[in-house]
Amino acid sequence: LSLPSVLMLATVASRASSFATSTSKAVNRFPARLDLLATRNMSMASSNNDSAWGDDEKYLFDLNGYIIVRGVLTPGEVKAANDAIDCHESEFVQRNDSSLRDAKEGTALYGSGPGRKDMGRVLEWGEESKVFKSVLAHPKLVPYFHGLLGKGYRLDHLPFIIAQDIGGEGFQLHGGTVDCTSGEYNPHLAYTCHQGILRNALLGVNVMLVDHNAGDGGFCVVKGSHKSNFKMPSGMVDGDKYQ
């Protein structure tokens, strides 16, 4: 399965992580994680393709907490995105300091190699930013954004590029309507379904620009965790239990 033109829309109410295994390719890229926070006071370009968000997609998202959308970017757009990243590769900042790591040392998600690499300012590259900006209101995605956020939403987090070398660190599992570690309700990440209407306080959009095969590592979501009512069992947050 080739995934370069795949996007994953995941409610941040789901417990999620990103990681690279020891068998992964030299660099895995998870670009432009566009976190969108629902609002009610902004105009948004309408779409004539609202049928793309239908009963099947609604059921699967409510069941799993995420949905995979294939074929959003063309091969040319994927190449343009990767070429832009290559041009700015020197701007990656690696998390070498242990205090900047997002996983606990000695755990499964900490990895055996260097820290992950982050690069921001992806919307400040002029013409090179065009493909990244397109994700914010892409005609193939707007129906999903309307169905999951409502008509009218804003960019909450600045998008950025993540690159990981073989053995690179991952994240602890995080997020959740009920916080993973504290067990406290978090309205800022909440997912609700009321009278057939799905709403997410925060939605993560993850763009896959290289193939992600089984065992390569990458973005992961604990299915159904967006509806969990309890904190995670000890060890699960760090990937040491219930894999």
Mind listing the long-range amide H neighbours of Val210? Cut-off is under 5 Å, sequence gap 5 or more, other chains count too, H placed in the peptide plane at 1.01 Å from N. Arg29
When the Cα centres of segment 87-142 and segment 195-239 are compared, how far apart do they sit, in Å? 17
Dipole magnitude of segment 67-161 about its Cα centre, charges +1 at Lys/Arg Cβ and -1 at Asp/Glu Cβ only, in debye to the nearest 20? 480
accessible surface per residue for segment 97-243, probe 1.4 Å, DNA/RNA/ligands not counted, whole Å² -> 48
So how far apart, in nm, are the two label points at Asn82 and Ile197 if each is 7 Å from Cα heading toward Cβ? 4.2
Modelled FRET efficiency - R0 30 Å, Asp211 with Leu63, Cβ distances, 0.05 increments: 0.70
Given the candidates Asn200, Ser182, Gly215, the one whose Cα lies deepest towards the positive end of the charge dipole of segment 172-243, counting +1 at each Lys or Arg C-beta and -1 at each Asp or Glu C-beta, is Asn200
Principal semi-axes in Å for segment 92-243 [√(5λ), Cα gyration tensor, largest first]: 27, 24, 13
Using a Förster radius of 35 Å, what is the FRET efficiency between Ser129 and Ser234 based on their Cβ-Cβ separation? Nearest 0.05, please. 0.25
Would you kindly derive the ³J(HN,Hα) couplings of segment 56-67 from the backbone phi angles with the Karplus curve 6.51 cos²θ - 1.76 cosθ + 1.60 (θ = phi - 60°), listing them in order in whole Hz, with x for Gly and Pro? 5, 5, 4, 5, 5, 5, 5, 6, 9, x, 7, 8
If a/c stays under 1.5 just call it rounded; otherwise compare a/b with b/c (prolate if a/b is bigger, oblate if not). Do that for segment 163-213, with a ≥ b ≥ c from the square roots of the Cα gyration tensor eigenvalues. oblate
Go through Lys79/Lys151; Lys79/Lys117; Lys117/Lys140; Lys133/Lys223; Lys58/Lys133 and tell me which ones have a Cα-Cα distance over 22 Å in this structure. Lys79/Lys151; Lys117/Lys140; Lys133/Lys223; Lys58/Lys133
Cβ-derived FRET efficiency at R0 45 Å, Tyr185 paired with Arg95, nearest 0.05: 0.90
For segment 114-189, rounded, prolate or oblate, judged on the Cα gyration tensor with a ≥ b ≥ c (square roots of eigenvalues), a/c < 1.5 rounded, else prolate if a/b > b/c? oblate
Take the solvent-accessible surface of the protein heavy atoms, probe 1.4 Å, and return the percent of it on segment 41-195 that carbon and sulfur atoms account for. 51
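The values are calculated or read from the model by the stated rules, or taken from the named source; none is laboratory data. No experiment lies behind these values; they were computed from the predicted model shown. Positions of Cβ are backbone-derived with ideal geometry, glycine not excepted, and every protein chain shown enters the neighbour counts. With ligands, DNA and RNA removed, areas are computed over all heavy atoms of the protein, side chains included. Shrake-Rupley method; radii C 1.70, N 1.55, O 1.52, S 1.80 Å.
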